[in-house]
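S.K.: First the structure, then my questions, so here it is.
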Amino acid sequence: MGELAAHLVDGVLGDLPVRQWVLTLPFRLRYRLAYNHHLCRAVLGVFVRALLGFEQRRARVLGVGGRAGAVTAIQRCGSALNANPHFHTLVAEGVFEERPDGSQHFVPLREPPTDVEVARLLATVRRR
């Protein structure tokens with residue numbers, strides 16, 4: 001997993017500032033997600049949509065409109081090879097703003113999220 005993350009950061013994402021978000025799940029959901037691909041995909045969709053919306057809202061506060069970007073690796077087991085599906089998502093800390101000529105320009109967000117913002121994001125993911 002570490003090698004994949006390093007490849008994504010160095011080879012794919014380049015010099016974009018990224019933050020890794022990891023979603024682990026309650027024990028009662030782990031086996032269901034491990035054997036139900038559609039449910040796993042749905043939970044991942046909720047998580048990623050919440051993260052992308054979070055970044056876009058943070059940018060709008062600064063007066064910047066654009067789209068956020070992310071890439072996710074699904075890890076299906078824990079260190080003891082137990083069934084423990086969880087998601088490692090690398091999110092660009094900023095948004096891609098479209099220029100009048102149609103090209104994309106990355107606008108970084110300078111400040112990391114606060115603890116309160118992270119708690120709100122977690123509550124959103126949990127509720128959804």
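The values are calculated or read from the model by the stated rules, or taken from the named source; none is laboratory data. Since we're looking at a predicted model, the values are computed, not measured. Note that we place each Cβ from the backbone using ideal geometry, even for glycine, and neighbour counts take in every protein chain shown. Please note that ligands, DNA and RNA were not included when accessible areas were found on the heavy atoms of the full protein model with its side chains. Shrake-Rupley method; radii C 1.70, N 1.55, O 1.52, S 1.80 Å.
S.K.: About the Cα centre of the chain, what is the dipole size in debye to 20, counting +1 per Lys and Arg Cβ and -1 per Asp and Glu Cβ, all else neutral? Display every interim value, and only then the final one.
M.R.: Values: 17 positive and 11 negative charges, 183 e Å.
Rounded to the nearest 20 debye, it is 880 debye.
S.K.: With springs connecting C-alpha atoms under 10 Å apart, model the chain as a Gaussian network and identify which of Ala42, Ala50, Ala92 has the largest mean-square fluctuation.
M.R.: Ala42
S.K.: I want to verify a result. In a Gaussian network model of the chain, Cα cutoff 10 Å, which of these has the top mean-square fluctuation: Val46, Val18, Val116?
M.R.: Most flexible of the set in this elastic network: Val116.
S.K.: Additional query: 7 Å from Cα along Cα→Cβ at both Arg57 and Asp115: what's the point-to-point distance in nm?
M.R.: 2.0
S.K.: Follow-up. At 1.4 Å probe size, put Thr89, Thr124 in order of accessible surface, largest to smallest.
M.R.: Details: Thr89 0, Thr124 25 Å².
The ranking, largest first, comes out as Thr124, Thr89.
S.K.: Same structure again: Rounded to a whole number, what % of the accessible area of the chain do carbon and sulfur atoms account for, probe 1.4 Å? Kindly include the intermediate steps, with their values, before the conclusion.
M.R.: Numbers: 4560 of 8340 Å².
Carbon and sulfur together cover 55 percent of it.
S.K.: Continuing with this model, one more query. If you rank His38, His105 by how much accessible surface each has, with a 1.4 Å probe, what is the order from largest down? Walk me through the intermediate numbers first.
M.R.: Numbers: His38 130, His105 70 Å².
Most to least solvent-accessible, the answer reads His38, His105.
S.K.: Which value at 222 nm does the chain reach when only helices count, each DSSP H run of 4 or more adding -39,500 (n - 2.57), with the total divided by all residues and rounded to the nearest 500 deg cm²/dmol? Write down the numbers at each step before the final one.
M.R.: On the way: 4 runs with 53 residues, N = 128.
That calculation yields -13000 deg cm²/dmol at 222 nm.
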